[in-house]
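Reading through the structure tokens given below for one structure.
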Amino acid sequence: MVMRVGLFKALRGPAHFRRHPMATPREMLDRLKGDVDSLVVGVLDDLTFEVIRAYKNRPPPGYLEWVSTTATHRIRRLAQTIFHDRARARPLGQAPTVHDEPEAIRSLVVNWLQPQMEQSFGPLPDAVKKVFSAKVS
């Protein structure tokens, strides 16, 4: 059987977006229910993007490698430990609360990341500190 190239065309334009809108943050959290690892990495990615912007797209040397390896690995391990222990401590039959508390995950990531960055890269500029102190909307 020979498959013809160009048989299917990608949908374009506003009609495509009406049928397949992007997920809202709440929908994304619902899709990731209980998947602490994905939520932590998502929060870390968002913070990293904001931190790089705060550094005016010129982060300290070694920052990108450090955040993609060391920071990601350590914060994932910390979150798994904390939320696994929290899940074990909850009463039998009670639903997990990780996906209901994105602020808790962001707070965990920020509280770990900020001092680790200061230790690895020196004092943080005010713009970076502002990223860490911003509230989730």
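Restricting attention to region 77-119, the residues that are aliphatic (A, V, I, L, M), surrounded by 16 or more Cβ atoms within 10 Å (Cβ to Cβ) and at pLDDT below 70 add up to 1. Within the span defined as region 36-43, every residue fails to be modelled with pLDDT under 60, within 19 Å of the chain's Cα centre (by Cα) and charged (D, E, K, R). Among (1) modelled with pLDDT of 95 or more; (2) under 20 Å from SER38 (Cα atoms); (3) in contact with a Phe, Trp or Tyr (Cβ under 9 Å, 6 or more places away or on another chain), which single condition is VAL67 missing? Here VAL67 clears every test but (3). Filtering region 45-62 to residues that are crowded, with 16+ Cβ neighbours inside 10 Å, among the hydrophobic types (A, V, I, L, M, F, W, C) and free of Cβ contacts under 8 Å to residues at least 40 places away in the same chain leaves only ILE52.
The values are calculated or read from the model by the stated rules, or taken from the named source; none is laboratory data. Treat the numbers as computed from the prediction; the structure is a model and nothing was measured. Here the Cβ is made from the backbone with ideal geometry for all residues, glycine too, and neighbour counts use every protein chain on show.
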